[in-house]
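Participant: Let me give you the structure first, and then I'll get to my questions.
The values are calculated or read from the model by the stated rules, or taken from the named source; none is laboratory data. Quick caveat, the model's predicted, so the values are computed rather than measured. For neighbour counting, all protein chains shown are included, and Cβ atoms are generated from backbone atoms with ideal geometry for every residue, glycine included.
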């Protein structure tokens, strides 16, 4: 079981109902409501410097959840990132992603509880 969350840059989505719609559209590959921003790349670089993507670690490192808590490769565009982590790391990852999203002025959405933070 995995836990999912997303960050994005979109000035028109400001409530959790619209965030849920945008998240579903992003999962379907529709990025028409978001625009490119350097903030996504900066967020990504800071996050993966601490916790590299699963495709970027060695076979020996797979299973080291302190290094790589991710369950699959990120879904990423120039305006969003959807991340999935192993469920046992959900609380830690949630706190980390919220902190980095705020730092990089990106919105945060967690679909399991429909939790949304607009930045």
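Participant: Which pairs turn up if I take residues in the range 58-76 that are closer than 16 Å to residue 97 by Cα and look for partners that are part of a loop (DSSP other than H, G, I, E, B) and at pLDDT below 95 with beta carbon separation below 6 Å, at least 6 apart in sequence or on another chain?
Facilitator: Cβ pairs passing all conditions: 68/57.
Participant: Look at residue 119 and say whether it is free of Cβ contacts under 8 Å to residues at least 24 places away in the same chain, under 17 Å from residue 23 (Cβ atoms) and out of contact with any strand residue (DSSP E or B) (no Cβ under 6 Å at 6 or more places or on another chain).
Facilitator: When the stated conditions are applied, residue 119 does not pass them.
Participant: Hey, could you check the range 1-15 for residues that are part of a loop (DSSP other than H, G, I, E, B) and touching a helix residue (DSSP H, G or I) at 6+ places or on another chain (Cβ under 9 Å) and say which is farthest from residue 82 (Cα to Cα)?
Facilitator: That would be 12.
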